[in-house]
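Working notes, beginning with the structure itself.
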Amino acid sequence: MIDLSLLGVEYGTLVMFIMLLVMLLTGMPLAFVTLLVALVFALGWFGPMAVPLITSRVYSFVSSFVFVSVPMFVLMAALLDRSGIARDLFDAMKLVGGRVRGAVAIQTIFVAVVLAAMSGIIGGEIILLGLLALPQMLRQGYDRNLAIGVVCAGGSLGTMVPPSIVLIIYGLTANVSIGDLFTSAFIPGLMLASFYVAYVLIRCYLNPNLAPAPEVEPMPTREKLKLLKGIVLPIMVVIFVLGSIYGGIASVTEASAVGVAGVLLSVIIRGEFSFSMFKGAAVQTLSTCGMIVWIGIGASALVGVFNLMGGINFVSSLITGISDNGIVIILFMMLILFVLGMFLDWVGIALLTMPIFVPIVISLGYDPVWFGVLFAMNMQVSFLSPPFGPAAFYLKSVAPPDISLGIIFRSLLPFICIQIVAVGLLIAFPGLTGR
């Protein structure tokens, strides 16, 4: 066995980075790449006695009680995906759009906010909106780029709007209160959604050809009441989940269980429950959470070994050495996250970078909760950014054949700019998070 410790921490960090990059380029999953590199460096740097250190590090990650909330929220999303709740919610939002030009695009964003507040998962949300909203907007004559952008950007709001899985994973990694993260992310999440609405309204006002003229026929009261039924159950679930957290009645983990019970009860009331449906939702939950756990295991092991090597202190000194201005350092971190977001999954980004970034943030005198909201907003950008923006691939799976990935990514550029502006506002005005 080669003694890698002879390299020193500087060259050891470089070799580790090159190994990660080369193995990722081969197509290996991130979880297995990080775990393999961690094992190689543990054996090569410290010898066989260091292997138990990896297992103890992994156990501390997966044994957290708050982690139980992740499969609960994923199960909520899986049940929503298989029920007609989202469809009825979308129909009910006709009451919100009113008679403005671009009403369907606006109601799509409102539906996205409610769905995000129910589950905090973006994949299923984009697919749902791609099946419900995109065909309707294209059929009514909406500009294709605008319709695609609204679906992808709105569907990605689950990153920011509580109960966000991104915030939960950050809270576990950074060891900060997830309840505080949810409270601080609420206003920025709604702010971003309002930016999308404003963008649609302004674009449609400046160029009426982007959206059809609004319907002028008045809707009968009976029809309005029928549509309202579709919004009652989802809003009740949101109130129970977020209300119990913000009201101090339940922890995040307990509230996630309440949410699952609420969605399950809604499905039963609607007469859509079946054993095969529940089994499909459970299998989807197992698959998604298995991916998250494996990435967590690999990233935790790698960060643990890197820390023992002295690598975290080395990287921290490099980052803090670029400037004496704390904001410049924060902007540099945002740039790193932005670049990583083009190539890596957000779970891996959070687990690999936050153990390095958060101590620096705290040492600079900044609030780690504020930085968590900033991180979640940055991940919004990564979900849309080429070449591997997952939002585009989720939509491509359900979009018409004539809509290519190139068209989708071009459609997302204005919304990426809006997200970058939102990141800048959070940096310039930390008070938006209430911290």
message = Checking the conditions here, which among Val381, Val398 is in contact (Cβ under 8 Å) with a residue 40 or more places away in the chain, open to solvent by 20 Å² or more (accessible area, probe 1.4 Å), in contact with a helix residue (DSSP H, G or I) (Cβ under 8 Å, 6 or more places away or on another chain) and of a type in the set (Val, Ile, Thr)?
response = Val398
message = Yes or no: the stretch 194-207 includes at least one residue that is farther than 21 Å from Asp91 by Cβ, among the β-branched types (Val, Ile, Thr) and either out of contact with any strand residue (DSSP E or B) (no Cβ under 9 Å at 6 or more places or on another chain) or modelled with pLDDT of 90 or more (or both).
response = yes
key: Near pairs, Cβ below 9 angstrom, 6+ apart or cross-chain, from the stretch 356-368 (more than 10 Å from Ile329 (Cβ to Cβ) and open to solvent by less than 60 Å² (accessible area, probe 1.4 Å)) to any residue that is small (Gly, Ala, Ser) and assigned to a helix (DSSP H, G or I)   = Ile356/Gly311; Ile356/Ser316; Val358/Ala174; Val358/Gly372; Asp367/Ser184; Pro368/Ala174
Residues of the stretch 20-47 classified as open to solvent by less than 50 Å² (accessible area, probe 1.4 Å) and within 23 Å of the chain's Cα centre (by Cα), total = 4
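Among the residues of the stretch 294-330, write down those that are open to solvent by 40 Å² or more (accessible area, probe 1.4 Å) and over 18 Å from Pro52 (Cα atoms).
Asn313, Phe314, Ser317, Leu318, Thr320, Gly321, Ile322, Asp324, Asn325, Ile327, Val328
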inquiry  = So for the stretch 88-96 (the condition being on the phi > 0 side of the Ramachandran plot, open to solvent by 10 Å² or more (accessible area, probe 1.4 Å) and not aromatic (Phe, Trp, Tyr)), does at least one residue qualify?
reply    = no
remark   = Only one of (1) open to solvent by 40 Å² or more (accessible area, probe 1.4 Å); (2) closer than 22 Å to Ala112 by Cβ; (3) at pLDDT below 85; (4) of a type outside the set (A, V, I, L, M, F, W, C) does not apply to Gly230, and that is (1)
ask   = So which of Gln107, Gln136 ends up being open to solvent by less than 10 Å² (accessible area, probe 1.4 Å), in a helix (DSSP H, G or I), closer than 27 Å to Arg203 by Cα and of a type in the set (S, T, N, Q)?
value = Gln107
ask   = Is there a residue in the stretch 368-391 that is among the hydroxyl-bearing types (Ser, Thr, Tyr), over 28 Å from Val150 (Cβ atoms) and either assigned to a helix (DSSP H, G or I) or out of contact with any Pro (no Cβ under 6 Å at 6 or more places or on another chain) (or both)?
value = no
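So that you can scan it fast, the table gives a plain yes or no per residue for (1) closer than 26 Å to Thr288 by Cα; (2) of a type outside the set (Asp, Glu):
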{"residue": "Ser317", "(1), (2)": "no, yes"}
{"residue": "Leu337", "(1), (2)": "yes, yes"}
{"residue": "Pro359", "(1), (2)": "no, yes"}
{"residue": "Ser363", "(1), (2)": "no, yes"}
{"residue": "Asp367", "(1), (2)": "no, no"}
key: Qualifying residues in the stretch 208-219 (those that are modelled with pLDDT under 70 and open to solvent by 80 Å² or more (accessible area, probe 1.4 Å)) - the one nearest to Gln140 (Cα to Cα)   = Glu215
ask   = What about Leu53, is it open to solvent by 70 Å² or more (accessible area, probe 1.4 Å), in contact (Cβ under 8 Å) with a residue 12 or more places away in the chain, of a type outside the set (Asp, Glu) and assigned to a helix (DSSP H, G or I)?
value = yes
note = Here the residues within the stretch 158-180 that are of a type in the set (A, V, I, L, M) and within 19 Å of Pro71 (Cα to Cα) are Met160, Val161, Ile165, Val166, Leu167, Ile168, Ile169, Leu172, Ile178
inquiry  = Restricting to the stretch 261-277, and then to whatever is in a helix (DSSP H, G or I), free of Cβ contacts under 8 Å to residues at least 24 places away in the same chain and farther than 17 Å from Phe240 by Cβ, can you tell me which residue is least open to solvent (accessible area, probe 1.4 Å)?
reply    = Ser276
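Do we have Ser69 as within 30 Å of Lys279 (Cβ to Cβ), hydroxyl-bearing (Ser, Thr, Tyr) and over 20 Å from the mean Cα position of the chain (by Cα) here?
No, not satisfied.
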request  = Go through (1) of a type in the set (A, V, I, L, M, F, W, C); (2) open to solvent by 60 Å² or more (accessible area, probe 1.4 Å); (3) part of a helix (DSSP H, G or I); (4) in contact (Cβ under 8 Å) with a residue 60 or more places away in the chain and name the single condition Val347 misses.
outcome  = (2)
request  = Kindly indicate whether any position in the stretch 122-133 is modelled with pLDDT of 80 or more, out of contact with any Ser or Thr (no Cβ under 9 Å at 6 or more places or on another chain) and surrounded by fewer than 24 Cβ atoms within 10 Å (Cβ to Cβ).
outcome  = yes
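The values are calculated or read from the model by the stated rules, or taken from the named source; none is laboratory data. Note that the structure is predicted; figures quoted are calculated from it, not measured. Quick reminder, even Gly has a Cβ in these numbers, built from the backbone with ideal geometry, and neighbours come from all protein chains shown. For accessibility, only protein heavy atoms count, side chains too; no ligands or nucleic acids. Shrake-Rupley method; radii C 1.70, N 1.55, O 1.52, S 1.80 Å.
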